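Below is one structure; the comments refer to it alone.
We did not get these values from a lab; they are worked out from the coordinates using the rules stated. Since the model is a prediction, treat every value here as computed from it, not as a measurement. Methodologically, a virtual Cβ is constructed for each residue, glycine included, from the backbone with ideal geometry; neighbour enumeration extends over all protein chains shown.
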Amino acid sequence: MHSKKSKSITGKRKQVGGNVIKVIKPQKTRRIIRRFHHLINKRESICHFLCLTENLDETNEKKNDAIIKSSIKSNAILSKHYEDGKSQSFSEAMESQLLKLHSLIKNEDKLRDACDLTEMYTLLGYIMNQIDKLGGLETYQIASQNGQLKGRGGDTSKLLEKWIRPLMDDNLQGTALEIGSLSSENCISRCALFREVVRIDLEEHEGVIKQDFMERPLPKNENDKFNLISCSLVLNFVKNHKDRGAMCHRMIKFLRPQGYVFIVLPQACVTHSRYCNKTLLHKLLASLGLTLLNSHQSNKLYYCLYQLKAISQQPRGSSSKRMKINDGPGLNNFGITL
Ligand SMILES: C[S@@+](CC[C@H](N)C(=O)[O-])C[C@H]1O[C@@H](n2cnc3c(N)ncnc32)[C@H](O)[C@@H]1O
């Protein structure tokens, strides 16, 4: 559901051969990525509050709209509020409501008792319209690609190469899987440390297979496994803490013994989250058998390299529940549970 207005926010469309490619000005890249995350997170909180049972799909906004509509099809008032929200353009009042969402949802019982769900559906409609105007996942991915362009210091696998080179033997037998790959030109693919690099992403890009990692067939034997899995800026993209845990869990199944996992997160996921910090992250991954070898925090990102050692005998109990470790304004809800 691309509206014509999406062009005014995301820049122009350029004709390249037979294809029309959306172009985003580099200075807008960060703003678009932040805005997309903000909207997706708020939508997730509202859907959770409204107990929407069918999971929304970030790759298909039309489908999401249909899911929400069908959940209220027998309620004319809520449907009207949802449509009203969708018809609203950017508004400071709505934005401030979104910022206060956390405290609104905290009063969950009071709100539910009063049956005042109208506000939530108006906000939900507003978010849907804002995501549409932004250009949805396509714009987000182009913005991410821009952020990676050579010369803008955006390719996180540069640090991966530095860390992994001394650890790899010289016979080039290793294979790597890059989840959430946006380009075949990244350092991981060019560094010649691997015999093969399999690149997958939810969307199709040149040199990248369109595949949901969560649906990738499980390895039948050791040959189908990888020496390295790169998961750079992907976990933060996954909708909720359980699905993130499921992704971590699944990565182990694709890893050869002593294999490596490279994880990059926005720094705020480990410094400004109610449910996650570096210690918790490492503890959780340790319970899957991953030992931290290296980490680095830049202004914006947190990079970690792990190695699969013995599966920990520790009970997973503490990693299976989301626990609040920080509170206060300005914190985000990033978390991972197994
Ligand atoms: C911010 S981009 C990260 C791009 C790049 N890896 C980087 O470091 O800049 C996140 C990407 O993760 C991809 N992604 C999220 N969940 C995925 C999944 N289950 N399987 C494959 N790709 C996934 C999305 O399609 C999106 O392109």
Phi-derived 3J(HN,Hα) across segment 263-269 with the Karplus relation (6.51, -1.76, 1.60, θ = phi - 60°), rounded Hz, x for Gly and Pro, is 10, 10, 10, x, 3, 4, 5
Final fewest-first order of ILE46, ILE200 on the 10 Å Cβ neighbour count is ILE200, ILE46
In the neighbourhood of GLY125 defined by beta carbon distances under 14 Å, the net charge of the other residues (Lys, Arg +1; Asp, Glu -1) is 0
Scalar couplings 3J(HN,Hα) for segment 185-199 by Karplus 6.51 cos²θ - 1.76 cosθ + 1.60 (θ = phi - 60°), nearest whole Hz, x for Gly and Pro, are 9, 5, 3, 4, 8, 9, 6, 6, 8, 10, 5, 8, 10, 8, 10
Length gained, ASP243-ASN55, 0.36 nm per residue minus C-alpha separation, equals 66.6 nm
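Arranged by the count of other C-beta atoms within 10 angstrom, fewest first, what order do PHE194, PHE90 take? Working shown, then result.
Working: PHE194 21, PHE90 11.
Ranking PHE194, PHE90 by Cβ neighbours within 10 Å, fewest first, gives PHE90, PHE194.
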As straight-line cross-link partners of LYS239, the qualifying aspartates and glutamates (C-alpha separation under 12 Å, not fewer than 8 residues apart within one chain) are GLU44, ASP57, GLU58
With segment 166-207 reduced to its Cα atoms and the Debye formula applied, log10 I(q)/I(0) at q = 0.27, 0.29, 0.33, 0.35 1/Å amounts to -0.93, -1.02, -1.21, -1.29
Going fewest to most other Cβ atoms within 10 Å around each Cβ, GLU206, GLU83 line up as GLU206, GLU83
Sorted by chain and number, the residues with a modelled amide H under 5 Å from that of GLU178, at a separation of 5 or more or across chains, are VAL198, ARG199, ILE200, SER230
The pairs in LYS278/LYS324; LYS63/LYS133; LYS28/LYS86; LYS283/LYS324; LYS80/LYS100; LYS253/LYS300 lying past 19 Å Cα-Cα in this model are LYS28/LYS86; LYS80/LYS100; LYS253/LYS300
Simple spin-label estimate for SER184/PHE90, 7 Å along Cα→Cβ, in nm, reads 3.7
One finds, for LYS253 and LYS321 with R0 = 25 angstrom and r their Cβ-Cβ distance, a FRET efficiency to the nearest 0.05 of 0.60
For segment 226-296, the Cα gyration tensor yields equivalent-ellipsoid semi-axes (√(5λ), largest first, whole Å) of 19, 13, 11
Here segment 59-74 yields Karplus 3J(HN,Hα) values (6.51, -1.76, 1.60; θ = phi - 60°; whole Hz; Gly and Pro given as x) of 8, 9, 6, 4, 5, 4, 4, 5, 4, 5, 4, 5, 6, 10, 4, 9
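Which of the trypsin sites (Lys or Arg not before Pro) found in segment 237-311 are loop residues per DSSP with 15 or fewer other Cβ atoms within 10 Å of their Cβ? Please report the intermediate quantities before stating the final value.
Details: sites: LYS239, LYS242, ARG244, ARG250, LYS253, ARG274, LYS278, LYS283, LYS300, LYS309; in loops: LYS239, ARG274, LYS300, LYS309.
Counting only loop positions with at most 15 other Cβ atoms within 10 Å, the trypsin sites (Lys or Arg not before Pro) in segment 237-311 are LYS300, LYS309.
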Once both label points are put 7 Å beyond Cα along the C-beta direction, the ASN223-ILE77 separation in nm becomes 6.4
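ARG195 to HIS48: extension gain in nm, 0.36 nm per residue of separation minus the Cα-Cα distance? Mind showing how you got there, number by number?
Values: separation 147, 0.36 × 147 = 52.92 nm, distance 4.34 nm.
Value of the extension gain: 48.6 nm.
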